[in-house]
Structure formats: structure tokens, C-alpha cells
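The values are calculated or read from the model by the stated rules, or taken from the named source; none is laboratory data. Not measured: the values here are computed from a predicted model. Glycine gets a Cβ as well: all are built from the backbone with ideal geometry, and neighbour counts include every protein chain shown. Quick note on the areas: whole protein, heavy atoms, side chains included, nothing else; ligands and nucleic acids left out. Shrake-Rupley method; radii C 1.70, N 1.55, O 1.52, S 1.80 Å.
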Amino acid sequence: MHNPYTPPTANLDLINPSSPPTNEPLQYAGFWRRFGSYWIDFAILTPVVGITYFLGEQVRLFYLYWLVPSLIVGLWFHVYLVTRYGGTPGKLLLQIRIAMVGGASITTKAAALRYSVLFVLSMLASIALTIAVLSMSDQEYFSLGYIARSQRMVALAPAWYKTIVILTQIWVWGEFVTMLFNKKRRAVHDFLAGTVVVRSMKRT
């Protein structure tokens, strides 16, 4: 006959909760770690920029061909990697990760929201430059050096292109400014997506 007063026999030491302990406070990443991770990511993507520069010198319509792939690369880098590993390579190298406000792993939706503004601005800028290139002949395109060609493309781009450039600069630098004025060092996209950037905890 079962004794209802018998202590439980389950080994509680084997229980592995999926969520982090609530008594373990989050350690928010500081401004300089986040600033440094941004430039590490920039350096990691530099080879891609170099390849696009080289191909752009060879093919006038490269900007048209590269439009969709460039958007896919951006989504892979800023959404897939963030969802899969908790951060971009720059953040992971500096031992910080992106999490939901409560400390849970970031969701795909949140990662997409964090990148949404920059994604739209990048897409509009790429479309504007593609329009400019389509307005040039092969002779004009290849007769100009890189700087002169870039200036010509800006001149031929739709009038709203300059506004997009200004908005992009405001967005990028505004992110860093925002981090300086709150204790959790959240940027604008963190408030938009409900995320924080925290120090990665070493597991023993």
C-alpha cells in the first residue's frame, strides 16, 4: 500500500529548467562594448564591400543584379544570425548577446523589428542608386573614375535619395546617443523590439 507521506524519489538535481534563474540579475552590456561590436561587424563585412566595388567596376548593371542579394545578406546577418546565435559576430566576439527584456532568447520577430528601419532605408538607397545607373550609358559609366562616377550617380538618383542618406546617418548615430541616456544601454531599435543587450554568462 502506498504511503502518502513517503518523500518524493525524483532526483531534483537532474531537472534542467529552460529559462534562466530569476534570482540571477542581467548584466547589461556597456556603451563601449556595443560601440566596439558595431565596428567589428563593419570590419567583417568589409570583404563584401570590396567584392561589390570590384564587380561594380566591371559591370554597369551590377547594382541592379546585386539589389536582391544585398537585402538577403542583410537579413541573414542581422536577423538569422541574431536569432540563431543571439547576436552578430561582433557581439559574440565581445561576449555580449541580444535578449528579450526579461532575459529570454530573442525571437525572430524581435530580431526582424530591430533591423526593420535600417533594412527599409538600405533598400530605398539601393533602389535609388539602381535607378541612377539605369540612366547612364555604358560609355558614360566606364569613362568615369570611382569618385566621379559616384558623384554622377548621386546627381542622377531620385531627389529623395539625399533624404534617405540623411535619415540613415541620423538613425545610426541616434542609436548610440540613445544608449547614453538610459541605464540598460538600450538603443532605439531595442525599444522598438523589446530587447536588451547583455553580457554573455559563462556556463560551468
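A compact table of results
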item	result
Degrees between helix 146-156 axis and first principal axis of the chain (Cα, 0 to 90, nearest 10)	90 degrees
Table column - 3J(HN,Hα) (Hz), the stretch 105-121, Karplus curve with 6.51, -1.76, 1.60, x for Gly and Pro	4, 5, 8, 4, 4, 5, 4, 5, 5, 4, 9, 4, 5, 5, 4, 5, 5
Stretch in the chain that is longest and holds no chymotrypsin sites (Phe, Trp or Tyr not before Pro) that DSSP places in a loop and that have at most 15 other beta carbons within 10 Å	6-180
The chain - percent relative contact order, Cα under 8 Å, separation 6 or more	29 percent
Residue range of the chain that is longest and free of trypsin sites (Lys or Arg not before Pro) which are both DSSP loop and sparsely packed (at most 16 other C-beta within 10 Å)	1-182
Long-range amide H partners of residue 96 with built H, under 5 Å	200
Under Karplus coefficients 6.51, -1.76 and 1.60, residue-wise ³J(HN,Hα) of the stretch 172-178 in Hz, glycine/proline x	4, 6, x, 4, 5, 4, 4
Overall form of the chain per C-alpha gyration tensor (a/c, 1.5; a/b vs b/c)	prolate
Computed over the stretch 71-113: relative contact order in percent, which uses C-alpha pairs under 8 Å that are six or more apart	38 percent
Electrostatic dipole magnitude of the chain [Cβ: Lys, Arg +1; Asp, Glu -1; Cα centre; debye, to 20]	500 debye
Rounded accessible area per residue of the chain, 1.4 Å, Å²	65 Å²
Amide H partners (placed H, <5 Å) of residue 60, local residues excluded	none
The stretch 48-150, accessible surface, carbon-and-sulfur percent (1.4 angstrom probe)	70 percent
Cut-off under 5 Å, modelled amide H: who pairs with residue 28 long-range	199
Among 126, 135, 70: highest mean-square fluctuation, GNM of the chain, C-alpha pairs under 10 Å	135
Integer Hz, Karplus 6.51/-1.76/1.60 couplings in order for the stretch 56-70, x for Gly and Pro	x, 6, 9, 10, 5, 8, 4, 4, 5, 5, 8, 4, 5, x, 5
